[in-house]
1. List, please: which pairs have Cβ atoms under 6 Å, are six or more places apart or on different chains, and start with a residue in the stretch 193-219 that is surrounded by 14 or more Cβ atoms within 10 Å (Cβ to Cβ) and acidic (Asp, Glu) and end with one that is in a helix (DSSP H, G or I) and modelled with pLDDT under 95?
2. Could you list, in sequence order, all residues of the stretch 510-529 that are open to solvent by 30 Å² or more (accessible area, probe 1.4 Å) and under 26 Å from the mean Cα position of the chain (by Cα)?
3. Looking at residue 101 and the list (1) under 20 Å from residue 49 (Cα atoms); (2) modelled with pLDDT of 95 or more; (3) surrounded by fewer than 17 Cβ atoms within 10 Å (Cβ to Cβ); (4) not polar (S, T, N, Q), which single condition is not satisfied?
4. If we only count strands (runs of 3 or more DSSP E) wholly inside the stretch 328-429, which ones have 2 or more residues that are open to solvent by less than 10 Å² (accessible area, probe 1.4 Å) and closer than 30 Å to residue 450 by Cα?
5. Spot the failing condition for residue 14; the list is (1) open to solvent by less than 50 Å² (accessible area, probe 1.4 Å); (2) touching a strand residue (DSSP E or B) at 6+ places or on another chain (Cβ under 9 Å), and only one is missed.
6. State which residue is most open to solvent (accessible area, probe 1.4 Å) when the search covers only the stretch 48-63 and only residues that are touching a helix residue (DSSP H, G or I) at 6+ places or on another chain (Cβ under 9 Å) and either modelled with pLDDT of 95 or more or not hydroxyl-bearing (Ser, Thr, Tyr) (or both).
7. Of all the helices (runs of 4 or more DSSP H) wholly in the stretch 142-235, which have at least 1 residues that are more than 18 Å from the chain's Cα centre (by Cα) and more than 21 Å from residue 603 (Cβ to Cβ)?
8. Among the residues of the stretch 168-179, is any farther than 24 Å from residue 629 by Cβ and either buried (at least 17 other Cβ atoms within 10 Å of the Cβ) or at pLDDT 95 or above (or both)?
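The values are calculated or read from the model by the stated rules, or taken from the named source; none is laboratory data. These numbers were taken from a predicted model, which means no experiment stands behind them. We place every Cβ from the backbone using ideal geometry, glycine too, and count neighbours over all the protein chains shown. Quick note on the areas: whole protein, heavy atoms, side chains included, nothing else; ligands and nucleic acids left out. Shrake-Rupley method; radii C 1.70, N 1.55, O 1.52, S 1.80 Å.
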Amino acid sequence: MPAQYYKDAQRLAIRERRNCITSGQYPYLPVLDDFLPVEKSAGGSNLGLTQVPAEFVVGTKTALRTTAFARNFMPLLPETTEFANKWILLCQSHLEEGIREPVLLYEYMNRYYVAEGNKRVSVLKYFDAVTIPARVTRILPERNGDRDVELYYEFVDFSRYSGVNFLELTKPGGFAQLQRLLGKAPGTAWTEEERRNFAATYYQFRQAYEANGGKRLTTTVGDAMLVYIKVYGYQALQGKSDQEMKRSLAKVWEEITLQQERQPIALNLAPEEKKKTGLLSMVLPGSQPKELKVAFVNDKTPATSGWTLAHELGRLHVQQVFRGQIATKAYHDALAGGLEQVIQQAIDEGSRVIFTTSPRMLPGSLRLAVEHPEIVILNCSLNKSHRYIRTYYARMYEVKFIIGAIAGALKRDGQLGYICNYPIYGQIAGINAFALGAKMVNPRAKVYLEWSSVTGMEQARKRLTDRKIDLISLQDMISVDAGGFSYGLAQMTDKGPLNLAMPVWQWGVYYETILRRILNGTFQMEYEESSKALNYYWGMASGVVDLRCSELLPESTRKLADFLRKGICGGVCEPFTMPIYTQNGWTIHGENNHSLSPEQIVSMDWLVENVEGSLPYYDQLTEEGKATVDLVGVNPSKDRGSGAQV
């Protein structure tokens with residue numbers, strides 16, 4: 001019988017070699033030494049005896065015997081050779097008592113290359129072994145900023161404290177996200193029981209994934225599993241039957257296929273109408289009601305949050321504009337009352353469109369969107385890749401650039417202050433735009449940065465005024481707290497702050513525009529025409545943000561602001577034009593070396609050279625700040641543990 005196994009394995013090898021040649025691939029085993037000269041490595045380390053995923057053993061360390069095997073590790077040499085005889089003896093040994101002697105492997109970029117034991121690997125692969133016992137030496141690549149190399153180093157960190165070497169994730173930050181979603185602090189070691197349970201869950205999930213057609217996708221099982229956990233949570237995977245897992249996986253399939261995109265997010269920068277008659281019934285199934293019911297779900301109340309108050313004013317604007325067409329209802333303090341229950345209540349009460357107005361409500365919004373594909377759910381956040389839910393946010397950095405220019409014109413010594421709330425997507429762009437605007441009109445401009453999510457607004461303001469800095473960019477909107485009328489650019493005086501230039505969030509305009517797109521069919525057409533996640537990121541030209549200048553400003557400064565406003569709205573003035581220099585001396589390049597792309601602006605995790613300050617450490621943030629940063633914080637690929645900056 002072992003001799004027959006060799007014949008079968010040899011047929012598999014010949015077929016693999018033929019397929020490789022036909023498709024233009026190298027038909028034999030890759031040789032590590034051929035593409036990794038010693039000088040291109042960053043050293044190695046002994047990982048000791050470990051169980052290696054058989055599918056990750058892909059080649060040999062040296063060229064010796066490489067052509068004796070096809071690319072799938074099946075044997076090619078004739079049955080009459082000594083090689084074939086040894087393979088057959090190993091096969092018999094495996095069937096009788098199992099192959100116990102570990103092979104010797106080199107690991108590079110999470111792939112393994114055999115230094116000793118090629119035939120043992122071949123036999124084990126023939127019998128579909130899941131893992132192979134091996135003594136492993138890891139070779140580390142040079143860190144040169146390459147995306148794949150940095151992703152590999154994330155894997156190395158993760159495998160060190162988890163003991164998991166079979167998981168592949170292809171998006172930066174994925175391993176840190178998984179650790180958090182499993183309820184473990186960054187860098188915390190896994191127990192042996194946790195490791196075994198995760199492995200069992202992973203391989204059960206893998207079966208369901210492949211049963212749903214996962215092998216046809218370029219995304220990995222790990223990517224798909226992370227998507228599932230983001231939507232339903234890790235506990236939802238526990239105790240499911242194979243059929244239950246397969247059915248629930250099918251519900252998030254579009255989310256999984258999205259992971260194939262290298263750039264999964266499509267930024268919609270302006271509201272462009274694409275009318276399609278009769279489409280409302282497709283977006284909102286069933287007979288069309290006389291009034292479309294729209295829900296606004298807020299994390300706080302208008303009495304306790306200026307952010308919620310601003311969105312509530314936007315809802316009232318919509319109610320007035322669409323009188324007779326749309327009926328709105330607000331649901332306040334949703335996080336305190338159980339977000340998913342509140343969204344479900346809105347659905348049960350007839351809402352067909354739901355806006356959740358805080359990034360902290362994104363996970364619950366996504367779960368309900370998956371469970372209710374007939375409902376349109378949008379979340380107010382930025383740079384999130386989900387097919388079942390759209391996000392919306394405003395390009396506030398355009399206004400901040402103008403306000404920075406105003407501040408630079410007013411302060412001859414260039415000493416300016418800036419208070420930011422959370423280090424999240426969009427906010428870093430606002431800081432940098434303010435600093436660049438100030439430097440444009442005043443080369444001496446320095447922007448001293450503080451964070452209200454660390455010790456509070458008043459303490460942040462005090463730290464600046466203690467440094468004799470009296471012109472400060474404060475919060476972006478009126479607060480409901482005492483003294484909260486001070487916002488935007490303000491001059492600190494003995495009698496209190498004087499508001500000089502204020503950003504304006506036009507949420508009413510934003511909601512009106514989105515709802516018109518839903519009513520006229522544009523909304524659904526965008527979904528049908530794109531395979532990516534859709535993020536609305538509109539700016540001043542769309543009317544969703546604006547600038548209000550005080551009469552206290554000199555007339556010439558108001559003219560400067562108006563000139564810049566017209567330039568931005570007309571597309572001839574771009575805040576992030578080359579060259580741009582960062583704090584650490586980098587030169588940031590944009591599209592055609594002219595300006596940053598919208599994707600580069602959204603994902604900023606660096607500060608320009610004339611900003612004095614840094615991103616806060618995660619442990620410094622308030623609990624609300626941590627919760628927000630966990631969802632939409634910048635730099636997700638960096639460790640957020642104790643002493644780590646976000």
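1. Short answer, once both residue conditions are applied: none.
2. Within the stretch 510-529, 524, 525, 527, 528, 529 qualify.
3. Here residue 101 meets the rest and fails (2).
4. Details: elements: 353-356, 376-379, 390-394, 415-420.
Passing ranges, in order: 390-394, 415-420.
5. The single condition residue 14 does not satisfy is (1).
6. Going residue by residue through the stretch 48-63, those that are touching a helix residue (DSSP H, G or I) at 6+ places or on another chain (Cβ under 9 Å) are 54-55, 57, 59-63.
Then drop every residue that is not either modelled with pLDDT of 95 or more or not hydroxyl-bearing (Ser, Thr, Tyr) (or both), which leaves 54-55, 57, 59-61, 63.
On the way: 54: 5, 55: 88, 57: 3, 59: 0, 60: 1, 61: 39, 63: 62 Å².
Looking at residues that are touching a helix residue (DSSP H, G or I) at 6+ places or on another chain (Cβ under 9 Å) and either modelled with pLDDT of 95 or more or not hydroxyl-bearing (Ser, Thr, Tyr) (or both), I get 55.
7. On the way: elements: 147-162, 174-181, 192-211, 221-232.
Helices (runs of 4 or more DSSP H) meeting the threshold: 147-162, 192-211.
8. Step one: filter the stretch 168-179 for residues farther than 24 Å from residue 629 by Cβ, giving 168.
With the extra rule that they be either buried (at least 17 other Cβ atoms within 10 Å of the Cβ) or at pLDDT 95 or above (or both), the set shrinks to 168.
Among the residues of the stretch 168-179, at least one is farther than 24 Å from residue 629 by Cβ and either buried (at least 17 other Cβ atoms within 10 Å of the Cβ) or at pLDDT 95 or above (or both), which makes the answer yes.
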